[in-house]
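Reviewing the structure listed below.
All of the numbers you see were taken from the coordinates with simple rules; none came from a lab. Keep in mind that what you see is a predicted model, and the values were worked out from it rather than measured. Reconstructed Cβ throughout: ideal geometry from the backbone, glycine too, with neighbour counts over all protein chains shown.
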Amino acid sequence: MDHKRIIRDIQGGKVAPVYALMGDEPYFVDAISDYFEESYLSEEEKGFNLSIAYGRDSDLENIVSVCKGFPMIGSKQLVLVKEAQDLKEWKKSDSLLVLENYLQNPQPSTVLVFAFKNKSLDKRLKVGKLIDKVGVVFKADRIKEAKLPEWIEHYVVDKGCKIDRQACVLLAQYLGSDLSKLVNALSKLMIVVPKEKSISTSAIEKNIGISKDYNVFELQKAMSVLDVVTCNQIISYFAANPKANPIQMVLPILYSFFSKLLVYQNLKDRSQANAAKKMGVSPFGLGDYAKAARGYDARKTERIIGYIREADRKSKGRNNYGISHEFLLKELVFKILH
C-alpha cells in the first residue's frame, strides 16, 4: 500500500485506530502524518482533540492514557507521536504491555499515529503484530535511482503540470534521492512555469541554478567519450562557480558512474534489461556506459576509482598540503583522460 492510498482512505472515512508509519524515506511518512495533522480534524476540533507528542519527551503510559480519553468536542480525536523511534519503551518488552493492552481494545473515537523517522518498528514484537492486526503498518522505501525520473514525472503530472523527460533526468541526477529536496525544487518550478508549458532544462537552469550545459553529468558524458576540450571547459566553469559545483558533490557522482561502469565492463550479458538490473540504473542511461566501455578498459576504470578516492581524501584535508579544490578536480580529470 502506498502513501496516496492511505491518504485516500482517510479522506473517504476509512480510518484505522492505529498507524505505524516508518521506513527509509521520511518524505512519505511525513506526507501521511502531515495530512492527519492538517486535515483529519476541523480547525475547531484541533484546539481540543489534537495531541502531538515527541518520542524523546514522552512515554507510552501517558500516550495511552490520552488515547483512552474521549473527544472534548465532536466525535473523534487524534494522537500523533512524532519521531516515535525515540520512545524508550521499544527496547524493553515489559514496558510495551500498556500499549499491547490498549491495542486489544482501542478507543473507537481515537486515532493513534506513530511516525518513525528513518527507522522501523520491529514487527516481530508482539506490539508490532497487534498494530498490523488492528491498524495499518506503512513501510516507506526509498525510490531507487533508476526510478527517480519516473517518480518526478508522475509527481508533476499529479499536480496538473508538465515536465520534459530530460528535465526529470537532470533533476534526479543532480539532486539525488532526497525527495524533500526534489519536491522543494519542483514546487518552485511549478510556480514560475505556466501550467500550459512544460518544465524544461532551461527553466531548471534559470530557477534552480543547475546549468544544463556545465554540470557534473555533462562532465560525465564528456569523460565517457574522452572529450578533453569539453571536460576542461566544464572544469573551468566549476572553478568559476564553486558554490554551485562543490567538489563534495562532484566526486560522489563521478565515483558512482565509474563504479557502475566497472560492473558493466565485467558483465557477460550486456543486454539492456540485464545490464540495467545489475547496475541499478535506468535502461535509458546505459548509452553513456556503453560509450565509456569502448574508451576505457576495466583495469583503467579500477585505477580511476582509486584516483577519485584519493581526490576525496585530499578534499577532506588528508595529505593535502594546501592543494585547492580547483586544482584537485583539474588533476583528477587529467588522470582520468590520460
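Whose amide H sits under 5 Å from the amide H of I199, counting only residues 5 or more places off or on another chain, with H placed in the peptide plane?
When sequence neighbours closer than 5 places are left aside, the close amide H contacts are K162, I163, D164.
Compute the angle between helix 179-192 and the longest alpha-carbon principal axis of the chain, please, reported from 0 to 90 degrees and rounded to the nearest 10.
Taking the Cα atoms of the chain, the angle to 179-192 is about 80 degrees.
Can you list residues from other chains, or at least 5 along the same chain, whose modelled amide H is less than 5 Å from the amide H of V137?
A20
Compute the normalised compactness of the stretch 149-257: alpha-carbon radius of gyration over 2.2 N^0.38 Å, N being the residue count.
Computed over Cα atoms of the stretch 149-257, the ratio equals 1.10.
Which semi-axes, in whole Å and largest first, does the equivalent ellipsoid of the stretch 3-140 have when worked out from the alpha carbon gyration tensor as the square roots of 5 times its eigenvalues?
Semi-axes (√(5λ), whole Å): 21, 18, 14.
How much of the pair distance distribution for the chain lies past 38 Å, counting alpha-carbon pairs only, in percent?
36
Give me the extension gain from V134 to D59: residue separation times 0.36 nm, minus the current Cα-Cα distance, reported in nm with one decimal.
24.9 nm
Compute the angle between helix 148-158 and the longest alpha-carbon principal axis of the chain, please, reported from 0 to 90 degrees and rounded to the nearest 10.
Rounded to the nearest ten degrees, it is 50.
For the chain, take the longest principal axis of its alpha carbons; what is the angle in degrees between that and the long axis of helix 325-337, to the nearest 10 within 0 to 90?
Rounded to the nearest ten degrees, it is 60.
Which of the aspartates and glutamates could be linked to K278 by a straight reach, that is with a Cα gap under 14 Å, when you skip same-chain ones fewer than 8 residues away?
K278 reaches E145, D269.
Skipping prolines and chain starts, which residues have an amide H placed within reach, meaning under 5 Å, of the one on A53, given they are 5 or more residues away or on another chain?
HN-HN under 5 Å from A53: L80, V81, K82.
As a quick test, which of the pairs K243/K316; K123/K277; K4/K123; K181/K335 have an alpha carbon distance above 26 angstrom in this structure?
K123/K277; K181/K335
If you find the alpha carbon centre of the stretch 185-204 and of the stretch 265-286, how far apart are they in angstrom?
With the stretch 185-204 and the stretch 265-286 each reduced to a Cα centre, they are spaced 32 Å.
For the stretch 9-39 and the stretch 145-160, write down the distance between their C-alpha centroids in whole Å.
Spelled out, the Cα-based centre of one part sits 21 Å from the other.
Any chance you could run the full-extension gain for S271 through R318? It's 0.36 nm times the residue separation minus the Cα-Cα distance, nm to one decimal.
12.8 nm
Set the Förster radius R0 to 41 Å, insert the Cβ-Cβ distance between A298 and K147 as r into 1/(1 + (r/R0)^6), and round the FRET efficiency to 0.05.
E(calc), rounded to 0.05, equals 0.90.
Using every pair of alpha-carbon atoms in the stretch 216-321, split the distances into 5 Å bins beginning at 0 and state the percent of pairs per bin, rounded to integers.
That works out to 2, 12, 20, 22, 20, 13, 7, 3, 1, 0, in percent per bin.
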